[in-house]
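Where a number appears in this text, it was derived from the coordinates with a stated rule and is not lab data. These figures come from a predicted structure and were not determined experimentally. In this analysis, Cβ positions are derived from the backbone assuming ideal geometry, glycine residues included, and neighbour counts consider all displayed protein chains.
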Amino acid sequence: MLPSFSDLSYFIEVAETKNISRAAERLGISQPSLSSAMKRLEDCLGSQLFIRSRSGVQLTKAGEELVSKGRLLLLNWEQLKSEVNKRENAVAGEYVIGCHPSVASYTLPHFLPQLMSDYPELDIKLAHNLSRKITEGVISHAIDFGIVVNPVKHPDLVIRELCTDEVTFWRAKKASQLQRLNSKSAVLLCDPELTQTQKLLSDFQKKGGQFGRIIHSSSLEVITDLTVRGSGIGLLPSRVALRHKSLGLQKLSDTAPVFKDRICLVYRADTPKTKSRDIIAQAIKSNLQPVKV
């Protein structure tokens, strides 16, 4: 059994006053409580620390040795607490922010430059993957903060909605032959890994729509560029399709199926409540308000 720091500090007070009653008074505890603490300390060390008499107490050899080493131990403990508190209150350290590359393009520029400028001791790492993979990374402690699309509730997660989006079908303003639904050569450009893809395709087919061919790509930016060039109809989030308005994309039609997305900040509920954590979370939330597209 290890001695408690309170018992050790009580012992230092007794050693300095050479009197149990006076030490108890200065410590603001009862004499029996102080005597019990000294007994616990002696039992823990297996040595007698005091020789008690009517005039007070006299340190034994073991007591004298404990005084010098005990003071050093308490000093080191106070220094450690001070360093930990300083670190807890400083905006510094390494943090990983994870999000899909396309989500990164319309979220990170809104808060990351100012955050890095205001807090030079912050070391931000970025991780990019599908939203469900990012969420898994947050749950497994590999990622500190995730900016993800449509996260599923999890007992270990805090989920805060940041903004909304919608996924639908897009074409160039001047539609090519590959972007005309009444053409047998109509091509769909999409990412099959996105959960929205299958739902939108199913809804599209229920309305009688069909495509002659489908081109799969894991990059929404590539799909955007190909759609602009008339290579097919792109299945895209509005925030990606409209990020560069000069590209001239427009929705396929007002009746085309739409999938509503929620872009959310996620982090573990048991994440230590440090100033760094609060600053980063607030920077993300305050710069990505829930504004519908």
Size of electric dipole in the stretch 165-261: Cβ of Lys, Arg +1 and of Asp, Glu -1, about Cα centre, debye, nearest 20: 440 debye
Label-point separation in nm, F5 to K125, each point 7 Å along Cα→Cβ: 3.0 nm
Positive dipole terminus of the chain, leading residue within G46, V138, Q179 (C-beta point charges): Q179
Label assignment, semi-axes √(5λ) of the Cα gyration tensor in Å derived from the structure, set (i) 47, 20, 17; (ii) 30, 24, 17; (iii) 69, 17, 14: (iii)
Fully extended contour minus Cα-Cα distance, from H216 to D203, at 0.36 nm per residue: 2.8 nm
Residue-span extension gain [T271 to K133] - 0.36 nm each, minus C-alpha spacing: 47.8 nm
Hz values of 3J(HN,Hα) by residue in the stretch 129-135 - Karplus curve (6.51, -1.76, 1.60), Gly and Pro given as x: 5, 4, 4, 5, 6, 4, 4
Using a Förster distance of 35 Å, the FRET efficiency for E65-A90 (Cβ separation, nearest 0.05): 0.40
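Pop the C-beta distance of T195 and I12 into the FRET formula with R0 = 51 Å and round what comes out to the nearest 0.05. Don't skip to the answer; put the middle values down first.
Values: r = 63 Å, r/R0 = 1.23.
Working from the Cβ atoms, E equals 0.20.
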Spatially proximal lysines relative to K173 (Cα-Cα < 28 Å; intrachain offsets below 8 disregarded): K184, K199, K206, K207, K245, K251, K260, K292
Of P113, W77, S4, farthest towards positive along the dipole that unit charges on Lys, Arg, Asp, Glu beta carbons give the stretch 1-133: S4
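Based on DSSP, what percent of beta bridges with both residues in the chain are antiparallel, to the nearest 5? Don't jump to the answer; show the numbers that get you there.
Working: 25 of 41 bridges.
Here the share of antiparallel DSSP bridges comes out near 60 percent.
Select from the stretch 1-70 those trypsin sites (Lys or Arg not before Pro) which occupy a DSSP coil region and have at most 10 other Cβ atoms within 10 Å, ordered by residue number.
Details: sites: K18, R22, R26, K39, R40, R52, R54, K61, K69; in loops: K18, R54.
Sparse-neighbourhood loop trypsin sites (Lys or Arg not before Pro): R54.
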Mean separation of Cα contacts under 8 Å (6+ apart) over length of the chain, as relative contact order %: 20 percent
The chain: most fluctuating residue of A37, A142, A241 per GNM, C-alpha cutoff 10 Å: A37
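Can you tell me how much longer the chain between D118 and S47 gets when fully stretched, taken as 0.36 nm per residue apart minus their C-alpha distance, in nm with one decimal? Walk me through the numbers before you get to the answer.
Details: separation 71, 0.36 × 71 = 25.56 nm, distance 5.50 nm.
Full extension from D118 to S47 adds 20.1 nm.
Using a simple charge model, +1 on the beta-carbon of Lys and Arg, -1 on the beta-carbon of Asp and Glu, nothing else, what dipole does the chain show about its Cα centre, in debye to the nearest 20?
Details: 40 positive and 30 negative charges, 245 e Å.
The calculation lands at about 1180 debye.
Find, among the trypsin sites (Lys or Arg not before Pro) in the stretch 141-233, those assigned to loop by DSSP (not H, G, I, E, B) with at most 15 other beta-carbon atoms within 10 angstrom. Working shown, then result.
On the way: sites: K153, R160, R171, K173, K174, R180, K184, K199, K206, K207, R213, R229; in loops: K153, K173, K174, R180, K184, K207, R229.
Here the sparse-neighbourhood loop sites are K153, K173, K174, R180, K184, K207, R229.
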